[in-house]
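Accompanying notes for the structure given below.
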Amino acid sequence: MKDWMSELRVSVRAVLSLAVLLCGIYPFTIWVLAQGGFPARANGSLIVQGGELAGSSLIGQGFAGAEYFHPRPSAAGRGYDGAASGGSNLGPTSKSLFEAISRRVTEYRKENDLAADVLVPADAVTASASGLDPHISVRNAFLQAPRVAKARGIGLASVLKCVERHTEGRDLGVLGEPRVNVLMLNLTLDGVSNAGR
């Protein structure tokens, strides 16, 4: 009986010690380091304009008007729903995926006034794994630029400069592809359009 009680005391002490360390000290230390070292990123990379929350540079959101660059399609809930983040899980042989992509290709070409032989970037017609990707490819942005310039009544060269300014390179110089953050680009263009009026 003594051995059993001794083992129980050791176990309870170990659980309490680990609970204090892993549920208290460790999270508090990480929080202090994050808030002290990079508070904007630690708090969600939120973008505030004019005193109002415009979004997060880390999470995609829908833009539908002709004057905006459009993000990747989203399979998260009803679209860009952070609580329902995830892909469609449809495989390459899925008939519904094939039909959805075919429909999106047709719509993309129509809205951007592209010829039938222009290749549509994959990211323009397929959702990301999370459904919340805030980026599009540089080619996707360049294909949308004439529509955006026309709808805003500004020169194509100005829009392309904004695209180039918001193009992010490969992570660590080698990982991934160059990409454009849709929210940041659209907010910049809103500022350019408003300044010209």
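Looking at the range 107-129, which of its residues are in a helix (DSSP H, G or I) and among the hydroxyl-bearing types (Ser, Thr, Tyr)?
108
Filter the range 33-78 down to residues that are free of Cβ contacts under 8 Å to residues at least 24 places away in the same chain and of a type in the set (Lys, Arg), then give me how many there are.
Summing the residues that are free of Cβ contacts under 8 Å to residues at least 24 places away in the same chain and of a type in the set (Lys, Arg) in the range 33-78 gives 2.
Only one of 109, 147 is at pLDDT 95 or above and crowded, with 19+ Cβ neighbours inside 10 Å. Can you tell me which? Reasoning before the result, please.
Working: 109 fails: crowded, with 19+ Cβ neighbours inside 10 Å.
The conditions single out 147.
Which condition from (1) farther than 30 Å from residue 153 by Cα; (2) surrounded by 13 or more Cβ atoms within 10 Å (Cβ to Cβ) is the one that residue 27 breaks?
Exception for residue 27: condition (2).
Return a yes/no flag: does the range 82-100 have any residue that is of a type outside the set (Phe, Trp, Tyr), closer than 25 Å to residue 189 by Cβ and out of contact with any His (no Cβ under 6 Å at 6 or more places or on another chain).
There is at least one residue in the range 82-100 that is of a type outside the set (Phe, Trp, Tyr), closer than 25 Å to residue 189 by Cβ and out of contact with any His (no Cβ under 6 Å at 6 or more places or on another chain).
Could you list, in sequence order, all residues of the range 60-104 that are of a type in the set (A, V, I, L, M, F, W, C), over 16 Å from the mean Cα position of the chain (by Cα) and crowded, with 17+ Cβ neighbours inside 10 Å?
100, 101, listed by residue number.
Yes/no per residue for (1) assigned to a loop (DSSP other than H, G, I, E, B); (2) farther than 29 Å from residue 58 by Cβ; (3) free of Cβ contacts under 8 Å to residues at least 12 places away in the same chain:
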site	(1), (2), (3)
80	yes, no, no
90	yes, no, yes
98	no, yes, yes
105	no, no, no
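Just checking, which of 96, 102, 128, 88 is under 16 Å from residue 182 (Cα atoms), modelled with pLDDT under 95 and of a type in the set (S, T, N, Q)?
Details: 96 fails: under 16 Å from residue 182 (Cα atoms); 102 fails: under 16 Å from residue 182 (Cα atoms); 88 fails: under 16 Å from residue 182 (Cα atoms).
None of the other options fit; the residue is 128.
Among the numbered criteria (1) farther than 28 Å from residue 160 by Cβ; (2) not in a loop (DSSP other than H, G, I, E, B), which one does residue 75 miss?
(2)
Out of 138, 148, 118, report the one residue that is touching a residue at least 60 places away in the same chain (Cβ under 8 Å) and either farther than 30 Å from residue 44 by Cβ or not acidic (Asp, Glu) (or both). Step through it out loud before you land on a result.
Numbers: 138 fails: touching a residue at least 60 places away in the same chain (Cβ under 8 Å); 118 fails: touching a residue at least 60 places away in the same chain (Cβ under 8 Å).
Unique residue meeting the criteria: 148.
Scanning the range 30-59 for residues that are exposed (fewer than 11 other Cβ atoms within 10 Å of the Cβ) and among the β-branched types (Val, Ile, Thr), which turns out nearest to residue 132 (Cα to Cα)?
Checked the range 30-59; the qualifying residue nearest to residue 132 (Cα to Cα) is 48.
Exactly one of these conditions fails for residue 31: (1) of a type outside the set (S, T, N, Q); (2) assigned by TED's automatic domain parsing to the domain that holds residue 190; (3) over 22 Å from the mean Cα position of the chain (by Cα). Give me its number.
Only one criterion in (1) of a type outside the set (S, T, N, Q); (2) assigned by TED's automatic domain parsing to the domain that holds residue 190; (3) over 22 Å from the mean Cα position of the chain (by Cα) is unmet by residue 31, namely (2).
Every residue in the range 92-108 that is out of contact with any Pro (no Cβ under 7 Å at 6 or more places or on another chain) and closer than 19 Å to residue 121 by Cα, please.
92, 97, 98, 99, 100, 101, 102, 103, 105, 106, 107, 108
The values are calculated or read from the model by the stated rules, or taken from the named source; none is laboratory data. Since we're looking at a predicted model, the values are computed, not measured. Every residue, glycine among them, receives a Cβ derived from its backbone with ideal geometry; neighbour counts consider all protein chains shown.
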